[in-house]
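Notes follow the structure.
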Amino acid sequence: MDGTGVFRPVLRRDLMAAVRRTRRHYGLNTGDVLVLDVLLSFLPCRDRTSGQDRPITAETMPVIYAANATICGRANDMDPRVLRRHIARLVSAGFLVRRDSATGKRFALRAGGQVRGAYGLDVSPLLSRHAEISETAARLDDEAEEMRSLRAEALTLRGTLLDRAGALTAEALSFVETAKTVLRRTSLAVRDAVAIRDRMRRLLGACEAIETPCPAPENAPAPEDQDTTATACATDEMTAANGESVRQVESPKIDTKSVAPIRPETILTTWNGCSALHDLRSTPPGTVREFQEFIYDLGPYLGVAHRTLADAIMAIGWTEMLRALNVMVERAATISNPNGYLVSLTRDWLARPGRNRVDCPRATA
């Protein structure tokens, strides 16, 4: 209804179809919708000759003055107390207005044998909001279609990532495994589904960057400068001359006493500056041990051998090591030799003015 009090013609079935699609948006339940449909059925908008519904227009008297017992009968013998609760909810939602007489009774006001008005339940607020409800229904339909597409794409990405679970960190794998439950929630917003889909895309891109050889970056060290010992240690097994497999070379251990200690108060500051790592772990390490374990796990994840990782930590320290790995995650698509690239990053860091090698004779830049 516009400002002059004129209703735009609308068919009851079209109005109720829009209400059903938007009931959750307006906080209505199925019982509320049933009662509203029953109330509209009392409007005199059915052609007696053809039996077809006619549009509700400005000439239609929008006040329902039927007694509660009559309304309950049409609503599948609904309990009167339940009916009163539904009517109260519809009034709160702004779809109904009570037009009460002095006695609280509902009845028609007649003149010249015609019903000119009534005391009862006025549905004109609902009719005046038809355009708004229809637009909301169209928007929700579009969002539902988008959500179906997002869920389908995210679940496909999830299956692909689970096939490559070995390339994921524990944090990333936990996210992928629980994503299916989150995506099934009916309350999930489109923006949250987009965030899940986008994070899975980034994780898959990181996996493919590790698995697929890419052109070497411009500042990658020459083959003769690369740490050949580290490259040899990167393999899980070494093959003897006679073709038999020999035992895996034991990964070198870091002498933590020879490396500058981590100050707990610097963990969060360092982590906040490494935004590329936030997709791999949603929360910052809470302790020094977690900080070190994350670096231990991240090195092999990026394809860095244990020897190269250990030497780099002993050369530049733990916090700078995290920053170096952050750079490698950012540039993963262009790194063909992770060991050589980390050696190059370490050398560049040590070459900066004011930088000193951590006091450790085993450190190799």
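Each Lys or Arg adds one and each Asp or Glu subtracts one; over the other residues with Cβ under 10 Å from the Cβ of THR30, this totals +1.
Shape index of segment 140-195: Rg/Rh, with Rg the Cα radius of gyration and Rh the Kirkwood radius from the inverse mean 1/r over Cα pairs, equals 1.02. Taking Lys and Arg as +1 and Asp and Glu as -1, the other residues whose beta-carbon sits under 12 Å from that of VAL19 total +3. Sorting 281-287, 28-34 by average packing, meaning the other beta carbons within 10 Å per residue, from highest down gives 28-34, 281-287. For segment 31-122, the fraction of C-alpha pairs farther apart than 16 angstrom is 58 percent. What the phi angles of segment 62-75 give under the Karplus curve with 6.51, -1.76 and 1.60, with θ = phi - 60°, is a coupling list of x, 9, 8, 10, 5, 6, 4, 4, 5, 5, 4, x, 6, 8 Hz, glycine and proline written as x.
Considering segment 34-86 at the alpha-carbon level, its Rg and Dmax are found to be 12.5, 37 Å.
We did not get these values from a lab; they are worked out from the coordinates using the rules stated. These numbers were taken from a predicted model, which means no experiment stands behind them. Note: ideal-geometry Cβ built from the backbone for every residue, glycine included; neighbour counts use all protein chains shown.
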